[in-house]
1. Taking only protein heavy atoms and a 1.4 Å probe, what accessible area per residue, in Å², does the range 179-269 have with all protein chains in place?
2. Mind checking the dipole of the chain: about its Cα centre, +1 per Lys or Arg Cβ, -1 per Asp or Glu Cβ, Debye to the nearest 20?
3. Using the Karplus equation 6.51 cos²θ - 1.76 cosθ + 1.60 (θ = phi - 60°), what ³J(HN,Hα) coupling, rounded to whole Hz, does each residue of the range 73-88 give in order, writing x for Gly and Pro?
4. Under the rule of -39500 (n - 2.57) per DSSP H run of 4 or more residues, summed and divided by the residues of the chain, what mean residue ellipticity at 222 nm is obtained, to the nearest 500 deg cm²/dmol?
5. Go through LYS231/LYS296; LYS187/LYS231; LYS68/LYS98; LYS71/LYS296; LYS86/LYS187 and tell me which ones have a Cα-Cα distance over 24 Å in this structure.
6. Which residues in the range 203-246 have a backbone N closer than 14 Å to a point placed 7 Å from the Cα of LYS87 along the Cα-to-Cβ line?
7. Pull up all non-local amide H partners of GLY54: gap of 5 or more, or a different chain, and H-to-H distance under 5 Å with H placed in the peptide plane.
8. Provide the per-residue ³J(HN,Hα) series for the range 114-127, in order, calculated from phi with Karplus coefficients 6.51, -1.76, 1.60 and θ = phi - 60°, each as a whole number of Hz, with x at glycine and proline positions.
Amino acid sequence: MKRLTLFFCIILIFVAGHARSEERIGHVTSIPDSIESLDKKAVFSFIIMSDNKGDSVGNRKEFARMVKWSKRNDGQFAIGLGDHVKKGRDNGFLDFLKMDEWWHDNFYPNVADGENEFYGKGQDDWGAGAPIFDVVDLVNRKNVAVRENGCEYHARIAVRGYTVHLIQLHFSDEPEDETLAFREDSKKYLIDTLEGIRKGEKDIVIVAAHSHTGFWTDNLNESDRRIVMEKCDLVLSATTHFFGRRVLKGYEQTGALVINTGSITHPFGGSPAGYVEVHVLENPLALVVQYVNAKKTKRELQNHGLVFIKAIGGDISSPDFHP
């Protein structure tokens with residue numbers, strides 16, 4: 001009888017625990033099934049774009065759609081992952097950044113190989129692409145601390161009671177020697193900056209680097225990788241022009257969401273021309289991260305593989321939606 005009672009107690013504990021888990025996960029993943037409803041539910045949103053290679057609203061419909069959709073969605077800022085200019089091309093993007101007040105004031109660029117080539121002697125001219133910051137007057141923004149090397153920074157972006165910490169690192173495609181392209185000094189700056197962030201209930205931490213092969217976490221030692229995965233919420237890479245998630249061993253469903261941000265105008269490998277849109281939800285605090293297809297004429301809620309939900313301090317899931 002005692003064994004039977006114990007057995008039923010164990011079953012009840014398991015069922016109750018499973019129910020609580022489903023309730024918690026369900027609360028995070030049961031987001032609205034339309035993009036319009038998601039817009040309304042979000043506290044705020046922002047976008048992430050990469051590899052436009054000088055393209056802008058004047059010559060690419062995909063870029064123009066991204067700009068229009070972000071403004072319609074009340075986007076608060078835009079993060080760039082580099083290769084925003086290309087030597088020998090028109091580079092209308094630079095004029096766009098100067099003329100569009102919102103983008104001038106709210107775009108946070110990355111220095112990558114395209115910037116090095118455009119402003120310097122070549123793609124391997126480490127840090128030469130720093131003048132891209134001058135185009136948006138980044139150094140004079142009170143919420144941005146640019147390093148003495150001129151090409152890396154920590155931004156504290158305050159939005160509706162939240163603080164988004166953005167750390168931009170310099171890691172370009174060239175030089176081919178990754179120890180030279182992604183310097184130990186940059187890694188130390190990353191870890192020192194992360195350890196200096198006192199993460200509260202309304203802090204969101206994002207780290208970005210263009211990278212060499214598509215996911216720069218591969219270039220960290222085990223200790224640094226653990227700090228990044230456990231302190232950050234989003235880890236961003238680019239260069240491959242292909243959107244996707246990198247699942248690190250031991251962090252299959254937890255830790256930072258590690259993604260490659262694709263390309264808004266030069267996609268590769270089957271990815272559509274697109275950009276990353278992030279909606280911030282409350283109760284519980286979570287990020288809905290999706291790769292929006294800008295080839296389409298209508299902005300849509302994405303489906304499995306193109307959308308992830310990162311619960312801050314919790315799980316990562318990739319749900320299916322059937323609007």
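The values are calculated or read from the model by the stated rules, or taken from the named source; none is laboratory data. In this text the structure is predicted, and so the values were computed from the model without any measurement. Note that we place each Cβ from the backbone using ideal geometry, even for glycine, and neighbour counts take in every protein chain shown. Surface areas here come from the heavy atoms of the whole protein model, side chains and all, with no ligands, DNA or RNA. Shrake-Rupley method; radii C 1.70, N 1.55, O 1.52, S 1.80 Å.
1. 43
2. Magnitude of the dipole: close to 1220 debye.
3. The phi angles translate into 8, 6, x, 8, 6, 10, 9, x, 10, x, 6, 8, 9, 8, 4, x Hz.
4. Counting only the DSSP helices, I get -9000 deg cm²/dmol.
5. Violating the 24 Å Cα-Cα cut-off are LYS231/LYS296; LYS86/LYS187.
6. Residues passing the 14 Å test: none.
7. VAL85, LYS86
8. x, 5, 4, 5, 5, 9, x, 8, x, 5, 8, 7, 3, x
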